[in-house]
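Have a look at the structure below, then the notes.
The values are calculated or read from the model by the stated rules, or taken from the named source; none is laboratory data. This structure is a prediction, so every number in the text was calculated from the model and none was measured. Cβ placement follows ideal geometry from the backbone for every residue including glycine, while neighbour counts extend to all protein chains displayed. The accessibility values were calculated without ligands, DNA or RNA, using every heavy atom of the protein model including side chains. Shrake-Rupley method; radii C 1.70, N 1.55, O 1.52, S 1.80 Å.
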Amino acid sequence: MSGTHAVTAADAAPAAASQPFRLSAWQAWGAILIAPYLLVFLFFVIYPVGYGLWLARSPASYAHLAADPIFSRAVVNTLVFLIVGINIKMAIALGLSGFFTHERRWIRWLSVLFILPWAVPSIPTILSVRFMLNPEWGVVNQTIFRLTGEDGPNWLNDPTLALSLAIAVHIWKSLPFWTLILLAGRLAIASDLYEAASVDGATRWQKFLHVTWPSMRTLYVTCTILSMIWTLGDFNSVYLLTGGGPADLTHVLATLGIRYLRLDQIDHSMAAVVCAMPFILPLVYVLMRRLSK
(Lines give C-alpha, C1' and ligand atoms only; values in the text may rest on other atoms or scores of the structure.)
Protein backbone atom coordinates (compact mmCIF):
# COMPACT_ATOMS: atom_id res chain seq x y z
CA MET A 1 0.00 0.00 0.00
CA SER A 2 2.79 2.40 0.86
CA GLY A 3 4.52 1.76 -2.44
CA THR A 4 1.34 2.32 -4.39
CA HIS A 5 0.73 5.58 -2.50
CA ALA A 6 4.27 6.75 -3.25
CA VAL A 7 3.89 6.06 -6.96
CA THR A 8 0.56 7.87 -7.09
CA ALA A 9 1.99 10.95 -5.35
CA ALA A 10 5.01 10.94 -7.64
CA ASP A 11 2.77 10.78 -10.71
CA ALA A 12 0.47 13.53 -9.41
CA ALA A 13 3.30 16.02 -8.77
CA PRO A 14 4.38 16.42 -12.46
CA ALA A 15 0.74 16.57 -13.49
CA ALA A 16 0.07 19.43 -11.07
CA ALA A 17 3.23 21.22 -12.16
CA SER A 18 2.27 20.97 -15.83
CA GLN A 19 -1.06 22.72 -15.32
CA PRO A 20 -0.96 26.33 -16.61
CA PHE A 21 -1.22 29.15 -14.07
CA ARG A 22 -4.63 30.79 -14.29
CA LEU A 23 -5.90 33.92 -12.65
CA SER A 24 -9.26 33.95 -11.01
CA ALA A 25 -11.84 36.47 -12.16
CA TRP A 26 -11.10 38.78 -9.21
CA GLN A 27 -7.35 38.54 -9.80
CA ALA A 28 -7.78 39.30 -13.50
CA TRP A 29 -9.90 42.38 -12.78
CA GLY A 30 -7.38 43.48 -10.16
CA ALA A 31 -4.54 43.21 -12.68
CA ILE A 32 -6.55 45.15 -15.27
CA LEU A 33 -7.39 47.96 -12.85
CA ILE A 34 -3.86 48.29 -11.48
CA ALA A 35 -2.17 48.20 -14.90
CA PRO A 36 -2.87 51.91 -15.76
CA TYR A 37 -1.39 53.02 -12.43
CA LEU A 38 1.72 50.89 -12.98
CA LEU A 39 2.16 52.31 -16.48
CA VAL A 40 1.78 55.89 -15.26
CA PHE A 41 4.19 55.21 -12.40
CA LEU A 42 6.68 53.65 -14.80
CA PHE A 43 6.64 56.39 -17.43
CA PHE A 44 6.21 59.45 -15.22
CA VAL A 45 8.19 58.45 -12.10
CA ILE A 46 10.61 55.57 -12.67
CA TYR A 47 11.74 56.63 -16.15
CA PRO A 48 12.32 60.36 -15.37
CA VAL A 49 14.14 59.57 -12.13
CA GLY A 50 16.27 56.90 -13.77
CA TYR A 51 17.05 59.15 -16.74
CA GLY A 52 17.99 62.00 -14.42
CA LEU A 53 20.34 59.75 -12.45
CA TRP A 54 21.89 58.58 -15.71
CA LEU A 55 22.48 62.19 -16.83
CA ALA A 56 24.13 62.95 -13.48
CA ARG A 57 26.38 59.90 -13.54
CA SER A 58 29.60 61.76 -14.35
CA PRO A 59 31.85 62.60 -11.34
CA ALA A 60 32.96 65.72 -13.23
CA SER A 61 29.50 67.20 -12.76
CA TYR A 62 29.78 67.00 -8.98
CA ALA A 63 33.33 68.37 -9.09
CA HIS A 64 31.99 71.35 -11.04
CA LEU A 65 29.25 71.86 -8.45
CA ALA A 66 31.73 71.74 -5.59
CA ALA A 67 33.82 74.43 -7.29
CA ASP A 68 30.81 76.67 -7.97
CA PRO A 69 30.27 79.21 -5.14
CA ILE A 70 26.60 79.47 -6.12
CA PHE A 71 26.14 75.80 -5.17
CA SER A 72 27.53 76.25 -1.67
CA ARG A 73 25.34 79.35 -1.24
CA ALA A 74 22.32 77.35 -2.42
CA VAL A 75 23.01 74.63 0.18
CA VAL A 76 23.17 77.25 2.96
CA ASN A 77 20.00 78.90 1.67
CA THR A 78 18.24 75.53 1.62
CA LEU A 79 19.18 74.84 5.25
CA VAL A 80 18.04 78.32 6.30
CA PHE A 81 14.82 77.88 4.35
CA LEU A 82 14.11 74.57 6.08
CA ILE A 83 15.14 75.44 9.64
CA VAL A 84 13.64 78.92 9.80
CA GLY A 85 10.67 78.63 7.48
CA ILE A 86 9.31 75.28 8.62
CA ASN A 87 9.65 75.89 12.35
CA ILE A 88 7.95 79.29 12.12
CA LYS A 89 5.25 77.91 9.85
CA MET A 90 4.41 74.91 12.03
CA ALA A 91 4.47 76.97 15.24
CA ILE A 92 2.05 79.51 13.76
CA ALA A 93 -0.13 76.71 12.37
CA LEU A 94 -0.31 75.12 15.82
CA GLY A 95 -1.41 78.42 17.36
CA LEU A 96 -3.95 79.19 14.65
CA SER A 97 -5.44 75.71 14.90
CA GLY A 98 -6.42 76.57 18.45
CA PHE A 99 -7.88 79.91 17.33
CA PHE A 100 -10.10 78.33 14.67
CA THR A 101 -11.59 75.84 17.13
CA HIS A 102 -13.76 78.64 18.56
CA GLU A 103 -17.33 78.29 17.29
CA ARG A 104 -18.11 81.85 16.29
CA ARG A 105 -19.64 82.97 13.03
CA TRP A 106 -17.01 85.60 12.22
CA ILE A 107 -14.24 83.07 12.83
CA ARG A 108 -15.88 80.72 10.32
CA TRP A 109 -15.99 83.48 7.70
CA LEU A 110 -12.41 84.37 8.50
CA SER A 111 -11.36 80.73 7.98
CA VAL A 112 -12.75 80.90 4.43
CA LEU A 113 -10.55 83.92 3.66
CA PHE A 114 -7.61 82.33 5.47
CA ILE A 115 -7.59 79.27 3.21
CA LEU A 116 -7.52 81.27 -0.04
CA PRO A 117 -3.70 81.63 -0.35
CA TRP A 118 -3.33 77.86 -0.31
CA ALA A 119 -6.32 77.23 -2.60
CA VAL A 120 -5.27 79.74 -5.30
CA PRO A 121 -2.49 78.57 -7.71
CA SER A 122 1.06 79.66 -6.91
CA ILE A 123 1.87 81.54 -10.11
CA PRO A 124 -0.71 84.36 -9.86
CA THR A 125 -0.38 84.76 -6.09
CA ILE A 126 3.42 84.87 -5.88
CA LEU A 127 3.74 87.04 -8.99
CA SER A 128 1.21 89.42 -7.43
CA VAL A 129 3.45 89.71 -4.37
CA ARG A 130 6.42 90.36 -6.66
CA PHE A 131 4.55 93.17 -8.42
CA MET A 132 3.55 94.65 -5.05
CA LEU A 133 7.22 94.75 -4.02
CA ASN A 134 8.36 96.53 -7.18
CA PRO A 135 10.53 99.48 -6.03
CA GLU A 136 9.13 101.93 -8.61
CA TRP A 137 5.40 101.31 -8.97
CA GLY A 138 4.64 98.61 -6.40
CA VAL A 139 1.82 99.26 -3.98
CA VAL A 140 4.08 98.68 -0.95
CA ASN A 141 6.56 101.42 -1.80
CA GLN A 142 3.79 103.75 -2.95
CA THR A 143 2.13 103.34 0.44
CA ILE A 144 5.44 104.01 2.21
CA PHE A 145 5.95 107.17 0.14
CA ARG A 146 2.45 108.46 0.90
CA LEU A 147 2.87 107.89 4.64
CA THR A 148 6.48 109.02 5.12
CA GLY A 149 7.37 111.00 2.00
CA GLU A 150 10.42 108.76 1.47
CA ASP A 151 11.12 106.06 -1.10
CA GLY A 152 10.82 102.49 0.07
CA PRO A 153 13.65 99.97 -0.16
CA ASN A 154 14.42 97.82 -3.17
CA TRP A 155 13.02 94.71 -1.53
CA LEU A 156 14.39 92.08 -3.88
CA ASN A 157 17.81 93.66 -4.48
CA ASP A 158 19.26 92.61 -1.12
CA PRO A 159 20.01 88.84 -0.89
CA THR A 160 19.18 88.51 2.81
CA LEU A 161 15.96 90.51 2.51
CA ALA A 162 14.96 88.72 -0.70
CA LEU A 163 15.46 85.26 0.86
CA SER A 164 13.55 86.36 3.95
CA LEU A 165 10.65 87.49 1.77
CA ALA A 166 10.74 84.16 -0.09
CA ILE A 167 10.49 82.35 3.25
CA ALA A 168 7.61 84.63 4.25
CA VAL A 169 5.79 83.89 0.99
CA HIS A 170 6.30 80.16 1.49
CA ILE A 171 4.86 80.40 5.02
CA TRP A 172 1.91 82.50 3.83
CA LYS A 173 1.17 80.12 0.95
CA SER A 174 1.32 76.80 2.81
CA LEU A 175 0.22 77.87 6.28
CA PRO A 176 -3.53 77.25 5.71
CA PHE A 177 -2.96 73.60 4.77
CA TRP A 178 -1.00 72.70 7.88
CA THR A 179 -3.38 74.71 10.04
CA LEU A 180 -6.26 72.59 8.76
CA ILE A 181 -4.35 69.38 9.47
CA LEU A 182 -3.56 70.44 13.04
CA LEU A 183 -7.11 71.74 13.48
CA ALA A 184 -8.40 68.26 12.62
CA GLY A 185 -6.03 66.85 15.22
CA ARG A 186 -7.35 69.24 17.86
CA LEU A 187 -10.98 68.40 17.07
CA ALA A 188 -10.19 64.69 17.51
CA ILE A 189 -9.26 65.23 21.17
CA ALA A 190 -12.07 64.17 23.52
CA SER A 191 -13.79 67.13 25.17
CA ASP A 192 -13.99 65.14 28.43
CA LEU A 193 -10.27 65.68 28.91
CA TYR A 194 -10.68 69.46 28.83
CA GLU A 195 -13.69 69.29 31.12
CA ALA A 196 -11.73 67.23 33.65
CA ALA A 197 -8.85 69.71 33.43
CA SER A 198 -11.26 72.60 34.04
CA VAL A 199 -12.64 70.86 37.11
CA ASP A 200 -9.09 70.54 38.42
CA GLY A 201 -8.60 74.29 37.92
CA ALA A 202 -6.18 74.09 35.00
CA THR A 203 -5.37 77.26 33.07
CA ARG A 204 -5.35 77.50 29.27
CA TRP A 205 -1.61 76.99 29.17
CA GLN A 206 -1.85 73.97 31.47
CA LYS A 207 -4.60 72.49 29.30
CA PHE A 208 -2.39 72.90 26.25
CA LEU A 209 0.67 71.52 28.01
CA HIS A 210 -0.98 68.48 29.59
CA VAL A 211 -3.90 67.72 27.26
CA THR A 212 -3.48 69.24 23.80
CA TRP A 213 0.24 68.80 23.21
CA PRO A 214 0.52 65.14 24.36
CA SER A 215 -2.43 64.29 22.10
CA MET A 216 -1.02 66.17 19.07
CA ARG A 217 2.72 65.64 19.46
CA THR A 218 2.90 62.69 17.07
CA LEU A 219 0.80 64.50 14.46
CA TYR A 220 2.86 67.68 14.81
CA VAL A 221 6.19 65.90 14.34
CA THR A 222 4.88 63.88 11.40
CA CYS A 223 3.55 67.02 9.71
CA THR A 224 6.86 68.79 10.29
CA ILE A 225 8.82 65.98 8.61
CA LEU A 226 6.38 65.83 5.70
CA SER A 227 6.55 69.60 5.35
CA MET A 228 10.36 69.43 5.16
CA ILE A 229 10.14 66.88 2.34
CA TRP A 230 7.69 69.00 0.38
CA THR A 231 9.63 72.21 1.02
CA LEU A 232 12.81 70.71 -0.44
CA GLY A 233 10.95 70.35 -3.72
CA ASP A 234 9.25 73.76 -3.57
CA PHE A 235 10.84 76.08 -6.12
CA ASN A 236 7.84 78.36 -6.64
CA SER A 237 8.39 80.54 -3.58
CA VAL A 238 11.96 81.41 -4.58
CA TYR A 239 11.91 81.21 -8.36
CA LEU A 240 8.70 83.16 -8.93
CA LEU A 241 9.56 85.84 -6.37
CA THR A 242 13.29 86.43 -6.84
CA GLY A 243 14.29 84.25 -9.79
CA GLY A 244 17.31 83.26 -7.72
CA GLY A 245 18.58 86.83 -7.71
CA PRO A 246 20.11 89.16 -7.08
CA ALA A 247 23.29 87.72 -8.61
CA ASP A 248 22.06 84.14 -8.06
CA LEU A 249 22.43 84.55 -4.29
CA THR A 250 18.96 83.39 -3.25
CA HIS A 251 18.95 80.06 -5.05
CA VAL A 252 18.00 76.91 -3.17
CA LEU A 253 18.67 73.38 -4.38
CA ALA A 254 15.19 73.19 -5.91
CA THR A 255 15.88 76.22 -8.14
CA LEU A 256 19.58 75.69 -8.77
CA GLY A 257 18.82 73.02 -11.35
CA ILE A 258 16.79 75.55 -13.36
CA ARG A 259 19.79 77.90 -13.36
CA TYR A 260 21.97 75.25 -14.97
CA LEU A 261 19.21 74.40 -17.45
CA ARG A 262 19.18 78.03 -18.55
CA LEU A 263 22.93 77.75 -19.06
CA ASP A 264 22.39 74.58 -21.15
CA GLN A 265 24.23 72.44 -18.59
CA ILE A 266 21.80 69.55 -18.22
CA ASP A 267 24.23 67.21 -16.47
CA HIS A 268 25.02 69.86 -13.85
CA SER A 269 21.29 70.53 -13.43
CA MET A 270 20.58 66.88 -12.73
CA ALA A 271 23.59 66.67 -10.41
CA ALA A 272 22.22 69.60 -8.39
CA VAL A 273 18.92 67.77 -8.02
CA VAL A 274 20.69 64.57 -6.96
CA CYS A 275 22.57 66.53 -4.30
CA ALA A 276 19.22 67.10 -2.58
CA MET A 277 18.83 63.36 -2.05
CA PRO A 278 20.93 63.28 1.17
CA PHE A 279 18.38 65.72 2.60
CA ILE A 280 15.29 63.88 1.36
CA LEU A 281 16.10 60.20 1.92
CA PRO A 282 16.66 60.40 5.72
CA LEU A 283 13.44 62.38 6.08
CA VAL A 284 11.51 59.82 4.01
CA TYR A 285 12.99 56.99 6.10
CA VAL A 286 12.04 58.64 9.40
CA LEU A 287 8.55 59.44 8.10
CA MET A 288 7.92 55.88 6.97
CA ARG A 289 9.16 54.52 10.28
CA ARG A 290 6.76 56.81 12.15
CA LEU A 291 3.82 55.91 9.90
CA SER A 292 4.51 52.17 10.22
CA LYS A 293 4.22 52.22 14.02
Among the numbered conditions (1) open to solvent by 30 Å² or more (accessible area, probe 1.4 Å); (2) among the small types (Gly, Ala, Ser); (3) farther than 15 Å from Ala91 by Cβ, tell me where Ala168 comes up short.
(3)
Tell me, yes or no, whether region 176-196 has at least one residue that is more than 15 Å from the chain's Cα centre (by Cα) and within 30 Å of Leu65 (Cβ to Cβ).
no
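Which one of Val211, Val221, Val169 is part of a helix (DSSP H, G or I) and within 25 Å of Pro124 (Cβ to Cβ)? Lay out the reasoning, then the answer.
Numbers: Val211 fails: within 25 Å of Pro124 (Cβ to Cβ); Val221 fails: within 25 Å of Pro124 (Cβ to Cβ).
None of the others qualify; the one that does is Val169.
Within region 43-65, how many residues turn out to be open to solvent by less than 80 Å² (accessible area, probe 1.4 Å) and more than 17 Å from Val252 (Cβ to Cβ)? Spell out the reasoning first.
So in region 43-65, the residues open to solvent by less than 80 Å² (accessible area, probe 1.4 Å) come out as 45, 48, 50, 52, 55-56, 58, 60-65.
Restricting the remaining residues to those that are more than 17 Å from Val252 (Cβ to Cβ) gives 45, 48, 50, 52, 55-56, 58, 60-64.
Residues that pass the stated criteria total 12.
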Could you count how many residues in region 77-122 are open to solvent by 60 Å² or more (accessible area, probe 1.4 Å) and either in contact with a strand residue (DSSP E or B) (Cβ under 7 Å, 6 or more places away or on another chain) or farther than 21 Å from Ser227 by Cβ (or both)?
10
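When region 232-268 is examined, which residues are found to be buried (at least 22 other Cβ atoms within 10 Å of the Cβ) and either part of a loop (DSSP other than H, G, I, E, B) or not aliphatic (A, V, I, L, M) (or both)? Quick ask: steps written out before the conclusion?
Our first condition is that a residue be buried (at least 22 other Cβ atoms within 10 Å of the Cβ); within region 232-268, this holds for 237-238, 241-242, 244, 250-257, 260, 268.
Residues satisfying the conditions are Ser237, Leu241, Thr242, Gly244, Thr250, His251, Val252, Thr255, Gly257, Tyr260, His268.
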Across region 126-144, which residue is most open to solvent (accessible area, probe 1.4 Å) among those that are hydrophobic (A, V, I, L, M, F, W, C) and under 20 Å from His170 (Cα atoms)?
Phe131
